[in-house]
1. From the list A:Gly182, A:Gly226, exactly one residue is small (Gly, Ala, Ser), modelled with pLDDT of 95 or more and either closer than 16 Å to A:Leu288 by Cα or within 27 Å of the chain's Cα centre (by Cα) (or both). Which is it?
2. Select from the range B:179-200 the residues that are among the hydroxyl-bearing types (Ser, Thr, Tyr) and open to solvent by 70 Å² or more (accessible area, probe 1.4 Å) and write down the one among them that is nearest to the other protein chains (Cβ to nearest Cβ).
3. What residue, of A:His303, A:His292, is more than 14 Å from chain B (Cβ to nearest Cβ), out of contact with any Leu (no Cβ under 8 Å at 6 or more places or on another chain) and modelled with pLDDT under 95?
4. Which condition number does A:Phe244 fail, the rest of (1) within 14 Å of chain B (Cβ to nearest Cβ); (2) of a type in the set (Phe, Trp, Tyr); (3) touching a helix residue (DSSP H, G or I) at 6+ places or on another chain (Cβ under 7 Å) being met?
5. Restricting the search to the range A:283-314, which residues are surrounded by 21 or more Cβ atoms within 10 Å (Cβ to Cβ) and part of a loop (DSSP other than H, G, I, E, B)?
6. Looking at (1) open to solvent by less than 10 Å² (accessible area, probe 1.4 Å); (2) under 17 Å from the mean Cα position of the chain (by Cα); (3) closer than 25 Å to B:Arg20 by Cβ, which one does B:Ile75 not meet, given that it meets all the others?
7. Name the residue that is nearest to the chain's Cα centre (by Cα), counting only residues in the range A:248-263 that are assigned to a loop (DSSP other than H, G, I, E, B) and more than 10 Å from chain B (Cβ to nearest Cβ).
8. Suppose the filter is within 16 Å of ligand 2 (Cβ to nearest atom), of a type in the set (Ser, Thr, Tyr) and closer than 25 Å to A:Ile109 by Cα; does A:Ser320 pass it?
Amino acid sequence: MGYSFNISTFNNVLRELSADYIIYAPVKIFNKGVFSDTDLVTYGQIKTLEDIEFEEKSHFSSKEIFFPITQTLFYFTEDAFSLPKISPKKIIIFCRPCDANGIQRLDQIFLKNGDLMDNYYNELRKKVHLFVLECKYSFDTCFCVSMGANKVDRYSAFIRRAGDTVLCDVSVDFEDRFSKYGTYVNMTPVFIESNDIKVDIPEKIPKSIFYHKLWDEYSERCIACGRCNVVCPTCSCFTMQDIFYEDNPYCGERRRVWASCMIDGFTDMAGGNSFRKNKGERMRFRLLHKIHDFKQKFGSNHHMCVGCGRCSDVCPENISFTACIQKLNQAVQSSDQRGLKS
Amino acid sequence: MLDINNKKLIKNGYRITNKRQITALRIRVPGGSLDVKYFDIIKDIAQKYGNGKVHITTRQGFEIPGIPMAKISEINEIIHPILIGMESEIGVSIHNPKTGYPAAGTRNISACIGNNVCPFANYNTTELSKKIEKLIYPHDFHVKIALTGCPNDCIKAHMQDIGVIGMVLPMYDSNRCIGCQACVKNCQKVATGALTIVNYKVKRDHLRCIGCGECILKCPVLAWTRGEKYYRMVVMGRTGKKNPRIAQTFMEWVDETAILKVIENLYHYIDQFIDRSLPKEHVGYIVDRTGIQVFKDYVLKDVYIGSLSKIANYMSFSGYGHEKSNYF
Ligand code: SF4
Ligand code: SF4
Ligand code: SF4
Ligand code: SF4
Ligand code: SF4
């Protein structure tokens with residue numbers, strides 16, 4: 001059902017929702033950018049519509065809200081352990097279609113990956129309701145259309161802001177909350193249908209690509225900082241840390257913390273073995289995971305990457321993810337011609 | 001031959017050169033940032049009155065050489081838009097902009113490019129230059145001030161009477177930290193080794209930290225973010241024949257208000273203790289006579305010292321003397 005609001009009636013809805021939900025959205029934080037006197041756009045808690053940043057893409061994705069960067073799994077003493085408390089409140093996230101699709105990719109990994117599901121993920125994830133923000137235009141690094149992640153069909157609400165008017169398409173679960181302050185209108189979500197950047201993703205990638213020279217330049221260029229991983233809405237890797245408290249080493253906690261396949265140490269194993277020592281190999285691993293391996297493993301009809309473009313936005317070495325996809329595509333086309341088998 | 005009052009000419013921003021009756025004009029560019037519209041004026045003067053060249057000075061001004069002294073008043077009229085745009089409009093009181101620069105003792109405030117461009121910068125050096133220019137110009141005391149955005153010190157603030165170095169207080173959110181150690185290794189390699197890993201998270205030793213902000217720049221997850229802006233002031237650096245030496249830290253983790261107030265107070269101190277038998281005297285030599293404690297009494301008057309701020313108790317300058325037999 002569609003409803004129309006002005007800013008203050010929409011804020012009434014938000015105020016009432018905040019009794020039961022913690023509400024997150026892209027926000028602009030003054031002077032918190034990496035560089036002096038610059039701002040940071042990222043996900044943060046909001047109270048009113050005016051808090052929401054509608055114009056700029058957020059630096060980080062929303063995943064840290066339900067997949068925390070550092071998450072304590074349990075606390076332990078010598079003979080007992082206990083689980084950390086989580087807030088009883090439910091969660092609303094205002095996010096763009098690519099981020100909404102990114103959440104589905106994470107669901108696949110944490111919830112539908114073999115017989116067991118990740119309970120820690122599930123506990124937070126099941127609280128989350130998505131209010132999808134309509135993209136008025138696509139940003140210069142977006143390629144969501146190529147990845148089929150420009151559209152969302154399941155959401156709790158779909159939000160369009162046009163000046164001082166807010167139009168919402170609302171699912172039945174939230175109907176009551178919205179109908180109280182809104183006026184009924186017809187509202188059909190509009191999605192981005194074309195990006196400036198289009199990528200061609202090769203369907204079949206021969207194994208020989210493993211040793212292709214296209215990766216070599218990334219050994220020179222990439223500095224293994226991991227920014228491309230931490231901003232990605234679909235990167236799901238974590239590592240474990242057992243902490244023994246400094247004051248009393250018989251107590252402590254086990255945490256899981258995000259990990260990055262681009263950073264040194266990711267593949268370190270007991271006994272001192274490690275893989276993918278050079279960065280070109282890491283680039284190959286990341287790229288193929290995003291646009292080949294995930295889809296192949298799960299037999300799904302979409303790739304892991306949702307084309308948000310953040311990894312290109314944040315790379316300090318100006319490495320463009322989409323340029324790398326194009327190079328891969330060219331390499332695959334030409335290796336096909338040379339008759340390399342997969 | 002023209003009858004020239006050398007002292008007046010120098011005060012007016014012109015130079016006594018090695019050719020009689022020929023002078024050079026120095027254009028101030030506070031903070032080293034100039035609207036290119038003024039290039040036309042500089043170019044016209046160089047072509048019409050000078051020898052067609054400009055010298056770019058080490059203090060980031062322009063020096064236009066080869067000008068006949070007879071043309072000074074004519075040229076002063078021509079440069080008046082520069083005095084208005086670069087001085088009056090930022091709040092400097094210029095009595096009559098058509099008679100040229102009112103003083104030349106306090107030199108142009110130079111600055112690195114700062115946070116308008118440089119990713120390392122911790123503040124806007126151009127804006128602070130203007131505030132300082134407003135505070136101290138015009139003045140006859142020979143004072144050299146330079147502002148640099150971070151401890152890389154591209155402007156060589158350490159060679160000035162007063163050097164201002166940008167700092168930032170790094171704020172750490174341990175929940176965001178993924179323990180990648182990028183900040184730790186980098187601080188060790190390029191800064192001061194102020195960071196260590198304890199239980200997979202980072203500890204910062206505030207006494208070692210110089211507030212350069214490198215950790216903020218290196219952190220992929222923004223576990224480090226920018227806190228308040230602070231400054232370090234280095235004082236009494238100088239070049240020159242007698243005893244050149246590099247400036248040393250007088251205050252650190254102080255705010256902009258403290259920087260401005262100390263600079264203002266410095267002029268009272270100089271006024272009190274300068275050796276007036278000399279045409280000019282660097283502050284450092286004055287402090288050599290009065291001692292640091294007297295210097296502190298004067299320059300810290302009415303300065304608010306914040307809780308993080310540190311003021312040097314002692315400053316040991318070595319510089320170098322002229323006992324050449326020690327070295328050769
Ligand atoms: S790989 Fe890059 S473009 Fe794709 S979802 Fe991750 S951050 Fe976005
Ligand atoms: S962001 Fe760029 S430099 Fe950093 S790890 Fe990723 S590709 Fe390499
Ligand atoms: S001193 Fe620092 S801020 Fe200024 S230009 Fe050099 S690196 Fe940049
Ligand atoms: S601000 Fe500079 S010196 Fe201080 S911890 Fe960070 S990198 Fe090290
Ligand atoms: S760079 Fe950031 S994430 Fe890495 S150890 Fe330092 S604070 Fe933690």
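The values are calculated or read from the model by the stated rules, or taken from the named source; none is laboratory data. Note that the coordinates shown come from a computational prediction; the quantities given were computed from them, not determined experimentally. Because the Cβ atoms are built from the backbone with ideal geometry, glycine has one as well, and the counts that use them run over all protein chains shown. For accessibility, only protein heavy atoms count, side chains too; no ligands or nucleic acids. Shrake-Rupley method; radii C 1.70, N 1.55, O 1.52, S 1.80 Å.
1. Just a single option satisfies the conditions, and that option is A:Gly226.
2. Restricting to residues being among the hydroxyl-bearing types (Ser, Thr, Tyr) and open to solvent by 70 Å² or more (accessible area, probe 1.4 Å), the top hit is B:Tyr200.
3. Of A:His303, A:His292, the one residue that is more than 14 Å from chain B (Cβ to nearest Cβ), out of contact with any Leu (no Cβ under 8 Å at 6 or more places or on another chain) and modelled with pLDDT under 95 is A:His292.
4. That leaves (3) as the condition not met.
5. A:His303, A:Met304, A:Cys305, A:Val306, A:Gly307, A:Cys308, A:Gly309 - these are the residues of the range A:283-314 that are surrounded by 21 or more Cβ atoms within 10 Å (Cβ to Cβ) and part of a loop (DSSP other than H, G, I, E, B).
6. Unmet for B:Ile75, out of (1) open to solvent by less than 10 Å² (accessible area, probe 1.4 Å); (2) under 17 Å from the mean Cα position of the chain (by Cα); (3) closer than 25 Å to B:Arg20 by Cβ: (2).
7. A:Cys261
8. The answer is no for A:Ser320.
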